[in-house]
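Just so it is clear, none of the values below were taken in a lab; they were calculated from the coordinates. No experiment lies behind these values; they were computed from the predicted model shown. With ideal geometry, Cβ positions are generated from the backbone for all residues, glycine too; neighbour counts draw on all protein chains shown.
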Amino acid sequence: MVASKLAGSMPAKKETPDDTYRGRFANRLNELRAGRDVPKIVKALAKAGCKISRATYYNWESAASEPPFSALPAIAKVLGAKSIADLFPND
């Protein structure tokens, strides 16, 4: 009976990362990282005062979560952005 209810219902449209601002931000982080290893990025962030785990960084790049505002200066510095504004997608 449960299967028949599920079979007849339409699944909700799943948003792709590009459909959300968080997803576009995650894509921008990935672009700025430009193939550098995440462990090296995480070490550099720690030296810049933003101590996070690799899992946390991966969550930022996969749009599972967002960095806190206080981490943005360190992220911009480590990823070579000219300013915090360069971390955000232009739309």
About the Cα centre, charge dipole magnitude for region 37-91 (Lys/Arg +1, Asp/Glu -1 at Cβ), debye: 380 debye
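If you take the square roots of the eigenvalues of the alpha-carbon gyration tensor of region 25-68 and sort them as a ≥ b ≥ c, do you get rounded (a/c under 1.5), prolate (a/b over b/c) or oblate? Please list the in-between numbers first.
On the way: a/c = 1.79, a/b = 1.23, b/c = 1.46.
Verdict is oblate for region 25-68.
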In region 37-91, lysine pairs 8 or more places apart or on different chains with C-alpha atoms under 16 Å apart total 6
Distribution of pairwise C-alpha distances over region 37-91, 10 Å bins, in %: 25, 61, 14, 0
By count of other Cβ within 10 Å, fewest leading, how are PHE88, PHE25, PHE69 ordered? PHE69, PHE88, PHE25
From fewest to most C-beta neighbours within 10 Å, the residues ILE84, ILE75, ILE52 line up as ILE84, ILE52, ILE75
